[in-house]
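Everything below concerns the one structure shown next.
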Amino acid sequence: MRLRVSDAQPSGLANQALSHVTGLFDYITMFANKTLVIAELEVRKLHHDLTELFTRAVQPVIWLLLFGEVFSKVRDIPTEGMHYLDFMAPGILAQSVLFIAIFYGIAIIWERDMGIVQKFLVSPIPRGALVLGKVLSAGVRAFAQAFIVYALALLLGVKMNWNPVTLAGVMVVVVLGAAVFSTFSLIIACVVKTRERFMGIGQVLTMPLFFASNAIYPISMMPGWLRIISHMNPLTYEVDALRTLMLAHGASSFGLILDFGVLLAAVVILMIISAQLYPNIVA
């Protein structure tokens, strides 16, 4: 009889462990499904307003055609042996992603005013799934910017890398970059809570983030204090990864492992913070 009891204990532990694993798998499946539902809802908004894609195309066109063509004549900018337009194209893609993502939080304020956020908060959808779904939709919007910048770069003769692996890497970097700044935008929206304050803060932050990076000039040109800020700026690592993957002869200044690591760490940290603050938007 003792043998039977002792034999039953491992079986009971195994069943308990299996139950925990099954429960975890069910939760992950539910979380993924809810995330995709939120992302699909957000992307559907873009489908009903395609004019946004054309308006978003204006900025990279101006920077590449006007700013890029003019500054390509300046010989004093050290671009590591590459043509200035080649050096600049990845930075303009990163800038386009930044400008889309940093104002993404204003949609949360609109949704709160229309009562949509309140409905989400009383639903069984996890807060993390709400945030992640919106982050994924910001990445989808950024793909349109990537297509525009690639088309312009091709017309301007930028030497691009068309390897399918590197193209996939560019897509991942674009999604991570959009995720970093869209979650940062959500945090701002949850703190300031009004459209006027949000737009003011967004406009104040975009240009310093852009110019305190290596998007249009190398870090070696910066004064010492600005170099320190640049190394703390996630946009710097996004640009470095894009410059490595997009260009035919691109080379990383920090290493792709560090670039991806910084972006991924920033996404995780900002997502945790934004998921905690998300209910405060209605407070």
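The values are calculated or read from the model by the stated rules, or taken from the named source; none is laboratory data. Quick caveat: nothing in here was measured; it's all calculated off a predicted structure. No Cβ is skipped: glycine too gets one built from the backbone with ideal geometry, and neighbour counts run over all protein chains shown.
List of remarks:
- Residues in the range 210-232 that are surrounded by fewer than 22 Cβ atoms within 10 Å (Cβ to Cβ) and within 20 Å of Val267 (Cα to Cα) were compared, and the one that is farthest from the chain's Cα centre (by Cα) is Ile229.
- Hits in the range 183-199 - residues which are of a type outside the set (Asp, Glu) and more than 17 Å from the chain's Cα centre (by Cα): Cys190, Val191, Val192, Lys193, Thr194, Arg195, Arg197, Phe198, Met199
- Pick from the range 267-281, criterion among the aliphatic types (A, V, I, L, M) and touching a Leu at 6+ places or on another chain (Cβ under 7 Å), ranking: modelled with the lowest pLDDT: Met271
- Residues that are in contact with a Ser or Thr (Cβ under 9 Å, 6 or more places away or on another chain), among the polar types (S, T, N, Q), touching a residue at least 24 places away in the same chain (Cβ under 8 Å) and surrounded by 17 or more Cβ atoms within 10 Å (Cβ to Cβ) are absent from the range 238-252.
- Residues of the range 253-268 satisfying the condition of being over 28 Å from Lys119 (Cβ atoms), under 13 Å from the mean Cα position of the chain (by Cα) and free of Cβ contacts under 8 Å to residues at least 12 places away in the same chain: Ala265
- Qualifying residue in the range 207-223 (condition: in contact with a Gly (Cβ under 7 Å, 6 or more places away or on another chain) and hydroxyl-bearing (Ser, Thr, Tyr)): no
- Residues in the range 197-236 that are under 23 Å from Ala178 (Cβ atoms) and not in a helix (DSSP H, G or I): 7 in all.
- Residue check, Ala189 within 17 Å of Thr35 (Cα to Cα), hydrophobic (A, V, I, L, M, F, W, C) and crowded, with 19+ Cβ neighbours inside 10 Å: no
- Within the range 102-120, residues that are within 26 Å of Thr206 (Cβ to Cβ) and of a type in the set (Lys, Arg) sit with their Cβ atoms under 9 Å from residues that are assigned to a helix (DSSP H, G or I) and at pLDDT 80 or above, at 6+ positions apart or across chains, in these pairs: Arg112/Ala189.
- Restricted to helices (runs of 4 or more DSSP H) entirely inside the range 72-174, those with at least 3 residues that are more than 30 Å from Thr35 (Cβ to Cβ) are 84-101, 127-155.
- Residue that is closer than 22 Å to Leu235 by Cβ, surrounded by 21 or more Cβ atoms within 10 Å (Cβ to Cβ) and not aromatic (Phe, Trp, Tyr), where the choices are Ala138, Ala168: Ala138
- Flag if Ile116 is more than 11 Å from the chain's Cα centre (by Cα), crowded, with 21+ Cβ neighbours inside 10 Å and farther than 27 Å from Val61 by Cα: no
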